[in-house]
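Comments concern the structure below.
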Amino acid sequence: MNYLSVESLSKTFGDRTILDNLSFGIQQGQKVALVGVNGSGKSTLLKILVGTESPDSGSVVYKNDIEVKALVQNPEFPKGATILECVFDPTDATHQLLINYSKESSKAEPNVDRLQTLIEDMDAHNAWNLEQEAKSILGKLGLNELEHEVQLLSGGQQKRIALAQVLIRKPDLLILDEPTNHLDIETIEWLENELSQSKMAIILVTHDRYFLEKVTNEIIELEQGQLHTYNGDYAYFLEKKGERAANEASVVDKAKNLYRKELDWIRRQPKARGTKAKYR
């Protein structure tokens, strides 16, 4: 099942072409890494996919009935919102129920009748599993004081909150920009396990090569505005890229040798034949 279709996508800045007529698709459960040298267009492509940047031409089409979430470099949160209010989706009935239950149960003197009603609603909505999963994710990311106002926290803590948000909401397609930034080794290893076992389709950019090796099953390389796709993990990508580079170098060397031979041949011809040989 195709979740995302990118067709004939192009983007230029001034006289420099960053993305040149790119086309690719993301399938259900596919875990794709975008790789390339700095300035190759990875961040630009991600911004186009999440809608914060517009292409010069081409289209980005998502399947109608899927949920798409993105972890961006500088997440923004509503003014005055707490961690609890940010990690759950207030438009989702079960998530709102968890917000209400958590707020009431954390009070020094909760309203017993309201708490009982919320517990019954939690039973009716089968929300306890989601609560336990959310607590586990928040705990792994070091987010335990859920009533803290998000805007008063550091950029690194806000990035963790944004990561918790997308993991708890479990979208069909998850777009991740440098997800391991601000995480320690233990948390990175936990995240590797979470994502590799997840049923979500994933597109990610990261400089953490070990993370790519653990999580992804396809590599898309951006190079001089073009795409090269490798159906395998990062080790497979390195192997095949090496082979491609060797082949391209061989072709270039052959062309240079042919050019030198042809030039030498032209120079050795009698002047009378020089004009006739120019077709070579």
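Looking at region 105-123 only, could you name the residues that are over 17 Å from Thr94 (Cβ atoms) and touching a residue at least 24 places away in the same chain (Cβ under 8 Å)?
Selection gives Ser106 alone.
Looking at region 1-29 only, could you name the residues that are open to solvent by 30 Å² or more (accessible area, probe 1.4 Å) and under 22 Å from Leu191 (Cβ atoms)?
Gln28
Based on this model, can you work out whether Leu141 counts as more than 30 Å from Arg16 (Cα to Cα) and modelled with pLDDT of 95 or more?
So Leu141 fails the test.
Got at least one residue in region 37-60 being at positive phi, in contact (Cβ under 8 Å) with a residue 24 or more places away in the chain and surrounded by 18 or more Cβ atoms within 10 Å (Cβ to Cβ)?
yes
In this structure, is Lys199 in contact (Cβ under 8 Å) with a residue 40 or more places away in the chain and in contact with a Gly (Cβ under 7 Å, 6 or more places away or on another chain)?
Taking the combined requirement at face value, the residue satisfies it.
Looking at Lys47, is it among the charged types (D, E, K, R), outside any strand (DSSP E or B) and under 23 Å from Thr180 (Cβ atoms)?
Criteria met by Lys47.
Check region 129-150 and report whether any residue there is of a type in the set (Val, Ile, Thr), buried (at least 16 other Cβ atoms within 10 Å of the Cβ) and assigned to a helix (DSSP H, G or I).
Yes, there is a match, as at least one residue in region 129-150 is of a type in the set (Val, Ile, Thr), buried (at least 16 other Cβ atoms within 10 Å of the Cβ) and assigned to a helix (DSSP H, G or I).
What residue, of Val37, Val32, is modelled with pLDDT of 90 or more, farther than 30 Å from Gln151 by Cβ and not in a helix (DSSP H, G or I)?
Val32
The values are calculated or read from the model by the stated rules, or taken from the named source; none is laboratory data. Note that the coordinates shown come from a computational prediction; the quantities given were computed from them, not determined experimentally. Methodologically, a virtual Cβ is constructed for each residue, glycine included, from the backbone with ideal geometry; neighbour enumeration extends over all protein chains shown. Side chains included, ligands, DNA and RNA excluded: accessible areas come from the protein's heavy atoms. Shrake-Rupley method; radii C 1.70, N 1.55, O 1.52, S 1.80 Å.
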